[in-house]
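Following: one structure in structure tokens, then a few remarks.
The values are calculated or read from the model by the stated rules, or taken from the named source; none is laboratory data. Just so it is clear, the structure is predicted and the values come from calculations on it, not from any experiment. With ligands, DNA and RNA removed, areas are computed over all heavy atoms of the protein, side chains included. Shrake-Rupley method; radii C 1.70, N 1.55, O 1.52, S 1.80 Å.
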Amino acid sequence: MKKYIVVFLLFAALGLQAQNRDRIEAAPSFTWFGLDFTQARMVGSDVDFSDRAKIVSSFFDQWNQLILNEPEKFNLEATFNKHITNNISIATKRNAGVDYLKLLADKPNTVTLEDVNGVVKNYTGDEGIGLLFVIENFDKPAVKVRFWVVLFDVKTHEVLMAKQTENKLGGGIGFRNYWASGIYAGFKNIKTLYPSWLKS
């Protein structure tokens, strides 16, 4: 009996996965909700992240605005092969509420799928599919940026796809650009991985 239950659950999961893939592929556009830093940790030392209050009050917004201001470099439409509409107002408000005193960590934290689902519940709209990057770590010792790439139903908050990506920093002049290089590397990685993500 248990064997049949396991088989049934497996086929049910595969059916749901195929349904989600079909919904993603059929969608004419995604709504870009931005970078959510509410789960993020800056891994390193006081020297690496000396002004954490400014990271919250200024840099979170700067990184989000950079994607909007440089669409040829941070090309969401080419990355996901969809028309993109932008609505980063919810991320801007949520990011501004991050406690900078809890931002620094001496080792990477782990953002779970359950955490991602909790974040997505805060992002809403009338209809369509939302696109959100849930930032996990800006990791100075590892020289990496890690985040979740999330597609979800904006009306029901159902997560349709959530994948983690780990991206090497590429350098850049100044604090903003140095860490933005990891986000840019993420765009390049996503463009390569996204077709296989839809099948997995």
Per GNM of the chain with C-alpha springs under 10 angstrom, the most fluctuating residue out of Gln164, Gln39, Gln17 is Gln17
Amide H contacts under 5 Å for Gly34, placed H, 5+ residues apart: Phe133
Quick one: Karplus J couplings for segment 156-168, per residue in order, coefficients 6.51, -1.76, 1.60, θ = phi - 60°, nearest Hz, x for Gly and Pro? 9, 6, 6, 6, 9, 7, 9, 10, 8, 9, 10, 9, 6
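May I ask for the equivalent-ellipsoid semi-axes of segment 41-151, computed as the square root of five times each C-alpha gyration tensor eigenvalue and listed largest first in whole Å? Please report the intermediate quantities before stating the final value.
Numbers: eigenvalues 124, 52, 42 Å².
Semi-axes (√(5λ), whole Å): 25, 16, 15.
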Amide H neighbours of Glu136 under 5 Å, counting only residues 5+ apart in sequence or on other chains, H built in-plane at 1.01 Å? Arg146, Phe147, Trp148
Once phi is turned into ³J(HN,Hα) by the Karplus curve 6.51 cos²θ - 1.76 cosθ + 1.60 with θ = phi - 60°, what whole-Hz value does each residue of segment 63-70 show in order, with x for glycine and proline? 5, 5, 5, 4, 5, 6, 7, 10
Cross-link reach list, aspartates and glutamates versus Lys168, counting only Cα pairs under 16 Å and skipping chain neighbours closer than eight places: Glu136, Asp139
Cut-off 10 angstrom, C-alpha nodes, Gaussian network model of the chain. Which of Lys140, Lys54, Lys163 fluctuates the most? Lys54
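Could you sort out which of Lys93/Lys144; Lys54/Lys82; Lys102/Lys199; Lys121/Lys144; Lys54/Lys199 sit more than 32 Å apart by Cα distance in this structure?
Values: Lys93/Lys144 26 Å; Lys54/Lys82 34 Å; Lys102/Lys199 37 Å; Lys121/Lys144 27 Å; Lys54/Lys199 40 Å.
Result: Lys54/Lys82; Lys102/Lys199; Lys54/Lys199 exceed 32 Å.
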Taking amide H positions as placed 1.01 Å from N in the peptide plane, with prolines and chain starts having none, which residues 5 or more places from Ala105, or on another chain, fall under 5 Å of its amide H? Met42, Val43, Gly44
What's the angle, to the nearest 10 degrees (0 to 90), between helix 2-26's Cα axis and the longest principal axis of the chain? 60 degrees
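Counting only helical runs of four or more DSSP H residues, what would the 222 nm mean residue ellipticity of the chain come to if each run contributes -39,500 (n - 2.57) and the total is spread over all its residues?
Working: 6 runs with 82 residues, N = 200.
Roughly -13000 deg cm²/dmol at 222 nm, from the helical runs in the chain.
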In the Gaussian network model of the chain, springs joining C-alpha atoms below 10 Å, which of Glu158, Glu127, Glu136 carries the largest mean-square fluctuation? Glu127
Taking every pair of alpha-carbon atoms in segment 39-96, what share in percent sits in each 10 Å bin, from 0 to the bin with the longest distance? 19, 41, 30, 9, 0
Rank these residues by their accessible area, most exposed first, probe 1.4 Å: Val98, Val154. Val98, Val154
dims of segment 115-162, Cα set, principal axes, largest to smallest, nearest Å -> 41, 15, 13
Each residue of segment 82-91 in turn: what ³J(HN,Hα) in whole Hz from Karplus with 6.51, -1.76, 1.60 and θ = phi - 60°, glycine and Pro shown as x? 9, 5, 10, 10, 10, 8, 9, 5, 5, 4
Convex hull volume per residue in cubic angstrom - Cα atoms of segment 69-112: 158 Å³
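May I ask for the equivalent-ellipsoid semi-axes of the chain, computed as the square root of five times each C-alpha gyration tensor eigenvalue and listed largest first in whole Å?
Working: eigenvalues 179, 75, 53 Å².
Ellipsoid semi-axes (Å, largest first): 30, 19, 16.
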